[in-house]
Amino acid sequence: MPEPRIPASRTESRDVAELKRLKTSQPELAEAADLHIELLEVQRRVQARAAVPWMDIGADRVERSLQDGRPLLRFEDIRLDWTEFRLVFRQTADVLRRFDALDADDYRAIQAITRDGNALDPLVIRWFNAAASPGAAEAGPPPPSPVHPDAMEQVLALAIRPFLERCADVIQQQVDFDAWRRGTCPLCGGEPEFALIVSSGERRLICGRCSARWRFDDSRCPFCLNDRRAALPSFAGADGRYRLYACDVCRRYIKAYDARQGGRPLMLAVDSVATLPLDAAAVGRGYRG
């Protein structure tokens, strides 16, 4: 059985407060909001305990990465505390299972992995390198895992996010990624999960793994790089705060928060839940996220 829910801290974050307001204004989104509130509490606790990583990324390394189109972050840069990560990994699985977002068999297998010495380590490293350093990920056979790949991807991505976000915060204070022209993250190689339209009207993509942000022209699809305007439909939400960019070539889409209309900064957890109706509309038209 999943572990009992750990009570939230007394100081409520703005994200949690906004999610609670969303539950009141849109009751049909209450369960999704509650799921994200619990996930935020897990991530917030580890961020409060984790030290800010010291990272000195040399100019030569940055220039080579930008020229070669290779993500900058290496797994060893994360300096992952494995004991801390296993705890977050297990707690993330607990939350997902409580909300029926994780199959019972996959949940039991994940719990077994966390108890089995170093069984989790090679799975995490290979998952990270699959996007950040594909050559390293393909150098050897994949480690065995009894968990369905989609379930493992979901739990890993959520559990490692607070650690990767710390790295992204540090590196983005040192490095300018304006020269990066790819649809994948310049930091970790992840695909974009969301987008932000800033006051100038430019679109910034938000990485689904480390939450790094980078500029990307809205006249191209970030997934297949299609640049035919006629094949890039977009749809706006009723209040103008949200927009959905689709591609008729690869049939994928990405949602965006328009800061010019929203009146507050992007809140990824809040805006992901608030735009679930846009997801349903996109899927209904044959697109996928």
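The values are calculated or read from the model by the stated rules, or taken from the named source; none is laboratory data. Note that this is a predicted model, so its numbers are computed, not measured. Virtual Cβ from ideal backbone geometry, glycine too; neighbours counted across all protein chains shown. Note: areas computed on protein heavy atoms with side chains; ligands, DNA, RNA excluded. Shrake-Rupley method; radii C 1.70, N 1.55, O 1.52, S 1.80 Å.
Share of carbon and sulfur in the accessible area of the stretch 219-289 stands at 50%, probe radius 1.4 Å. Magnitude of the charge dipole for the chain, about its Cα centre and with charges confined to Cβ atoms of Lys, Arg (+1) and Asp, Glu (-1), is about 520 debye.
By the compact-protein rule of thumb, 2.2 N^0.38 Å, the alpha-carbon radius of gyration of the stretch 170-266 corresponds to a ratio of 1.05. From largest to smallest, the equivalent ellipsoid semi-axes obtained for the stretch 221-289 from the alpha-carbon gyration tensor read 21, 13, 10 Å. The apolar share of the surface of the stretch 47-158, taken as the fraction of accessible area on carbon and sulfur atoms (1.4 Å probe, ligands and nucleic acids excluded), comes to 51 percent.
Calculate the length of the line joining the C-alpha centroid of the stretch 21-74 to that of the stretch 222-281, in whole Å. If we compute the Cα centre of each part, the gap is 20 Å. Less than 5 angstrom separates the built amide H of F194 from those of I206, all sequence-distant by 5 or more or on a different chain. Taken one residue at a time, the phi angles of the stretch 152-160 give Karplus couplings (6.51, -1.76, 1.60, θ = phi - 60°) of 5, 4, 5, 5, 4, 4, 6, 6, 8 Hz. Gly and Pro are set to x.
Rounded to the nearest 5, the antiparallel percentage of DSSP beta bridges internal to the stretch 194-262 is 85%.
In this structure the chain gives 49 Å² per residue of accessible area when probed at 1.4 Å with all protein chains present. Counting only Cβ charges, +1 for Lys and Arg and -1 for Asp and Glu, the dipole size of the stretch 1-157 around its Cα centre is about 460 debye.
Of the options (i) 0.95; (ii) 0.93; (iii) 1.12, only one is Rg/Rh (Cα atoms, Kirkwood Rh) as computed from these coordinates, and that is (i). Across the stretch 29-37, computed HN-Hα scalar couplings (Karplus, 6.51 cos²θ - 1.76 cosθ + 1.60, θ = phi - 60°) run 9, 4, 5, 5, 5, 4, 4, 5, 4 Hz from first to last residue, x flagging Gly and Pro. Antiparallel beta bridges, as assigned by DSSP with both residues in the chain, represent about 80 percent of the total such bridges.
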